[in-house]
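Asks: My questions will all concern the structure given below.
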Amino acid sequence: EYHASIPHLLDESSSHNNKGTALANLERYEEAIAAYDAALQLQPDYPNALYNKGTALADLERYEEAIAAFEAALKLQPDDPDSYFHLARCYALLGKTQIALHNLEHLFQLDPEAGRVDVRESSDFDSLRSNARFQELMQAN
C-alpha cells in the first residue's frame, strides 16, 4: 500500500511545483513560494521545487533565503548551472564578492558559453564588473 502511494505523491508535488511556476510567472511570488513549499512537504528532495522557490525568493529580494534554497537544490543536483548562476547573482547583490566569484567559477566550468552570456546580460552583476578576477573569469575559455 505504501509503494502504491508514491506515484500519487510525486504527481501531487509536481502539480504544486507547476502551480508555483504559473503563480511566479504572474509575479505572485508569495503564493508561488507557498506552492513550492507544498511540493517540498510531499517530496523534500525535489530539486526543481527548491530551485523555483529560490528564484521566487530572489525576485522578492530575500537573497539569504534564496541562497539556502539554491544550495539545497545543488546538494541534489550538483551540476546544475542555473543554480550556480542564481547563487552568484544573490551573493553579488548582497555585496559578497568572493563567494559570488566562486559560484561563477562553477557556473563557467559547467556552462562556459551560455553562462557568460547570461552574466553579461544581467545588471545584477554590475557590482562585480570592475573586479579583476571577475574580468578574468569572463575572458577565460
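The values are calculated or read from the model by the stated rules, or taken from the named source; none is laboratory data. Small disclaimer: the values here were computed from a predicted structure and weren't measured. In this analysis, Cβ positions are derived from the backbone assuming ideal geometry, glycine residues included, and neighbour counts consider all displayed protein chains. Accessible surface areas use protein heavy atoms only, side chains included; no ligands, DNA or RNA. Shrake-Rupley method; radii C 1.70, N 1.55, O 1.52, S 1.80 Å.
Asks: Taking Ile33, is it crowded, with 23+ Cβ neighbours inside 10 Å and of a type in the set (Val, Ile, Thr)? Write out each step before concluding.
Replies: Working: crowded, with 23+ Cβ neighbours inside 10 Å: yes; of a type in the set (Val, Ile, Thr): yes.
When the stated conditions are applied, Ile33 passes them.
Asks: If the Cβ limit is 8 Å and pairs must be 6+ apart or interchain, which residue in the range 39-58 that is over 22 Å from Cys90 (Cα atoms) pairs with which residue that is of a type in the set (S, T, N, Q) and modelled with pLDDT of 95 or more?
Replies: Ala39/Asn17
Asks: Answer yes or no as to whether Ala66 is buried (at least 20 other Cβ atoms within 10 Å of the Cβ) and touching a Cys at 6+ places or on another chain (Cβ under 9 Å). Even if it seems obvious, please write down each step before you answer.
Replies: Details: buried (at least 20 other Cβ atoms within 10 Å of the Cβ): yes; touching a Cys at 6+ places or on another chain (Cβ under 9 Å): yes.
Taking the combined requirement at face value, the residue satisfies it.
Asks: Which pairs have Cβ atoms under 7 Å, sit 6 or more apart or on different chains, and link a residue in the range 107-125 that is modelled with pLDDT of 95 or more to one that is open to solvent by 40 Å² or more (accessible area, probe 1.4 Å) and not polar (S, T, N, Q)?
Replies: Phe108/Ala140; Leu110/Asp79; Asp124/Leu93
Asks: Here's another thing I want to ask about it. List every residue pair whose Cβ atoms sit under 6 Å apart, with the two residues 6 or more apart in sequence or on different chains, where the first one lies in the range 92-104 and is touching a residue at least 12 places away in the same chain (Cβ under 8 Å) and under 14 Å from Gln135 (Cα atoms) and the second, anywhere, is open to solvent by less than 70 Å² (accessible area, probe 1.4 Å) and in a helix (DSSP H, G or I).
Replies: From residues that are touching a residue at least 12 places away in the same chain (Cβ under 8 Å) and under 14 Å from Gln135 (Cα atoms), the pairs are Ala100/Ala88; Ala100/Tyr91; Ala100/Ala92; Leu104/Ala88; Leu104/Leu137.
Asks: For the condition within 26 Å of Glu27 (Cα to Cα) and aliphatic (A, V, I, L, M), what is the one hit in Leu76, Leu104, Leu128, Leu93? Before you say what the answer is, go through the steps one by one.
Replies: On the way: Leu76 fails: within 26 Å of Glu27 (Cα to Cα); Leu104 fails: within 26 Å of Glu27 (Cα to Cα); Leu128 fails: within 26 Å of Glu27 (Cα to Cα).
Only one candidate qualifies: Leu93.
Asks: Right, something else. When you go through Ser5, Ser83 one by one, which is the residue that is open to solvent by less than 60 Å² (accessible area, probe 1.4 Å) and modelled with pLDDT under 95? First the steps, then the outcome.
Replies: On the way: Ser83 fails: modelled with pLDDT under 95.
So the residue among Ser5, Ser83 that is open to solvent by less than 60 Å² (accessible area, probe 1.4 Å) and modelled with pLDDT under 95 is Ser5.
Asks: Can I ask one more? Out of Gln135, Gln109, report the one residue that is under 13 Å from Tyr84 (Cβ atoms), of a type in the set (S, T, N, Q) and open to solvent by 20 Å² or more (accessible area, probe 1.4 Å). Can you show your working first?
Replies: Values: Gln135 fails: under 13 Å from Tyr84 (Cβ atoms).
Only one candidate qualifies: Gln109.
Asks: While we're looking at this one, here's another question. Quick one: which helices (runs of 4 or more DSSP H) lie wholly within the range 75-141 and hold at least 3 residues that are in contact with a helix residue (DSSP H, G or I) (Cβ under 6 Å, 6 or more places away or on another chain) and closer than 18 Å to Asn52 by Cα? It would help to see each step written out before you state the result.
Replies: Details: elements: 81-93, 97-110, 112-121, 132-139.
Fully inside the range 75-141 and qualifying: 81-93.
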